[in-house]
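*Asks:* Got a structure for you, questions after.
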Amino acid sequence: MNDDEMIQRWRTLVSERYDELEILTDRFVVRVLRDPLYARIVDVGDLRETSRQTFAFMLDALIDVEAITKIESIAGNLGRRRARQGIPLENLVDAVRLDFPVLWSTLLERADKDDFAVIAAHAERVWNVVDTFARLAQTSYLAEQAELARERQDLQRQYISLLFEAVGQFEVNFVQIAQALGVPRDAYFRVVAVPRLAGADLRRNADRAAAGGRRMFLHELGRHMIGFWQIERGATQALTAQERRLLASLPVAVAPIAREIADIPLAALAATEIADQLGISGDSIVDLKDAWPQLAKRKLSEIGCDLQQFVLVPIRSCKESERDRLIETMMVYLRTGGLIETAAALYCHRNTILNRLKRIEELTGLDMTKPLDAALATVALAELT
């Protein structure tokens, strides 16, 4: 059989398979449904229709090389559809490549003894058609996945905005927001704030975290960028080593833990208040423990409660030298919490510190050894610490 005869015989063998599209389809569907994901996700009717169209276009391409361009549309549609259906790329490619054994076995079954050489001579062509289809489907799948990721990000941004903007204004479906973010409604969350100028750095850190499997959600809030992410239930206020690496080289204010998704906006507000109160900069990481005296003093001042009248006003009646010593002693004692530590820090005898504390009590009525009095003094002296 010369070359022209082989080509003609090949075309005849392939053309006869148009009458067997249902057989090709049946065989493909049986094979692909062995994949549990396909069996669960993809409708059999969808599988059959796509398979029938695919084999028809592949037969065209096996007869006419130029016809291979026609499969781009159906391969693209298949790739995009499977991406939206949630079929993993590996499963899609494996399914498409099942077309080769189905086509090959059907061609061999219908061949005469003299046809084997013809079919063998076109083996590479059959594989190229199937492989081209697989590559086109893969390309469109990846493009669709990227588009889906953008859509998810857009949707998540919308829901995050809804979460923050609806505080105190209207009812929010927190279950729906949690579902959009892919987190449980009652999960615990770490919430942080950085100055807006550091927002780009926080976003880069979030991208790196995402690559490592940790998702950080971002939201611009006034002069700050808010970041929040899910943490283990029962986690403490202290940042883990991994979280510190995530926030490395950034000026960060850490809010108290949000114990469900509905608590995130208030936690974010707390983080911005901490950031503003302490004026964070550089690579400092601060939290409520660092800022509570200043915050308490400011909030009390807003309702007319000036704690300075309990501490600074009485002490100002002293001579300047005594006043400075008493204020210094109070500040060190409140920081260290002990007589010995205070004496060591101020290079004084323990009895000297005791005498100064007694003098402070005479002037202010506050006993620094009592927690409530010490707390009041801590807040009153907040701007001086």
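The values are calculated or read from the model by the stated rules, or taken from the named source; none is laboratory data. Remember, it's a predicted structure, so these values are computed and weren't measured experimentally. Please note: Cβ atoms are built from the backbone with ideal geometry, for glycine as well, and neighbour counts cover all protein chains shown. The accessibility values were calculated without ligands, DNA or RNA, using every heavy atom of the protein model including side chains. Shrake-Rupley method; radii C 1.70, N 1.55, O 1.52, S 1.80 Å.
*Asks:* Within region 206-229, identify whether any single residue is more than 27 Å from residue 158 (Cβ to Cβ), among the basic types (Lys, Arg) and modelled with pLDDT under 90, and answer yes or no.
*Replies:* no
*Asks:* Looking at 90, 144, 151, which one is buried (at least 16 other Cβ atoms within 10 Å of the Cβ), part of a helix (DSSP H, G or I) and at negative phi?
*Replies:* Numbers: 90 fails: buried (at least 16 other Cβ atoms within 10 Å of the Cβ); 151 fails: buried (at least 16 other Cβ atoms within 10 Å of the Cβ).
After ruling out the rest, the residue left standing is 144.
*Asks:* Moving on. What number of residues within region 224-250 are in contact with a helix residue (DSSP H, G or I) (Cβ under 6 Å, 6 or more places away or on another chain) and in a loop (DSSP other than H, G, I, E, B)?
*Replies:* 1
*Asks:* I'd like to know if region 158-174 contains one or more residues that are open to solvent by 10 Å² or more (accessible area, probe 1.4 Å), assigned to a helix (DSSP H, G or I) and touching a residue at least 60 places away in the same chain (Cβ under 8 Å).
*Replies:* Within region 158-174 (the criterion being open to solvent by 10 Å² or more (accessible area, probe 1.4 Å), assigned to a helix (DSSP H, G or I) and touching a residue at least 60 places away in the same chain (Cβ under 8 Å)), the answer is yes, since at least one residue qualifies.
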